[in-house]
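Have a look at the structure below, then the notes.
All of the numbers you see were taken from the coordinates with simple rules; none came from a lab. None of these values were measured; they are calculated from a predicted model. Positions of Cβ are generated from backbone atoms using ideal geometry, with glycine treated the same way; all protein chains shown enter the neighbour counts.
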Amino acid sequence: MIVFQYHTDIIERYPHIVGGAIHVEDIENGPSSPELRSRYEEEQRRTLERIGDTPLSKIPSIAAWRKVFHDFGVKPTQYRNAAEALLRRLTKHGDIPSINTFVDMANLVSIRYALPIAVFDTRLLTLPITVHFAEGNESFLPLGVSEPEKPQAGEVVFSDEEKRVVARRWCWRQSDDSAARQGTAQALITVEGHHSSAEAEIKAALQDLETLLHEFCGGILTTSILSFTQPGMQISPT
């Protein structure tokens, strides 16, 4: 069964995309433990030291995402990819608040590698989730909003088989109905990059995520690397 994939049009337009995905079942999500919060805070301190005065736009992974956003018609300084948004908050405010175990783990690894990482609760979704150019008739429910909106035709979105958009502008923001919350029991985690060292960094990020998941959440994990030659992730039906 395919759970995550890139549409042919995306692969042809962005042949250097590298995606990592982890499908997780039988997990336990809730408030972060003191140990995880401590590690998260330490990673934030290390990230601030590592970045120093370097403009975020000069970080290779961020620079590559900015070019991709611009390519499909989105101003990258108006809609920042998820990793840049996290790093921007960290460098401006000095910290990123704890949300829950799953989100904190993803954010910890995201700032470590400056890569956008999304965690999708899949219980309301009809898999697979596909990365594709929006037609403009799909439905997206923003976080904390009761009325859905439609993406712009041509922007890159993640959506399920029922045209439910779970992330707009590729890796800018995800939907309310796919957010990982307390009680999330199954999920799909994605991490993506376009820069020259993306594959090595995504493999390292996946390994870090697996270690954290085993330690703090448990569950059954399936991990995959996606690329031009392998655009989809499959798992065995349970």
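Some points to look at:
- Note: the chain, Cα convex hull, 117 Å³ per residue.
- Highest-MSF residue in the chain out of Glu201, Glu192, Glu161 [GNM, Cα springs under 10 Å]: Glu161
- Candidates Ala21, Ala63, Ala83: whichever shows maximal mean-square fluctuation once the chain is modelled as a Gaussian network with Cα springs under 10 Å: Ala63
- When each of the peptides 33-39, 116-122, 49-55 is scored by how many other beta carbons lie within 10 Å of its residues on average, the order from highest to lowest is 116-122, 33-39, 49-55.
- Hypothetical label at Gln182: residues of the range 23-44 whose amide nitrogen lies under 19 Å (7 Å Cα-Cβ projection): 27-38
- Separation between Cα centres of the range 51-108 and the range 152-213, rounded to whole Å: 14
- Peptide packing for 105-115, 178-188 was compared via the average number of neighbouring C-beta atoms within 10 Å per residue; ordered from the highest value, the list is 105-115, 178-188.
- Normalised contact order of the range 83-218, rounded percent, pairs of Cα under 8 Å and 6 or more residues apart: 26
- Net charge of neighbours whose Cβ lies under 9 Å from the Cβ of Ser175, counting Lys and Arg as +1 and Asp and Glu as -1: +1
- Spatially, the range 1-16 and the range 122-143 are offset by 15 Å when compared through their Cα centroids.
- Mean projection area, nm², convex hull over Cα of the range 1-123: 9.1
- Our summary gives the chain a relative contact order of 37 percent, counting only alpha carbon pairs under 8 angstrom and 6 or more residues apart.
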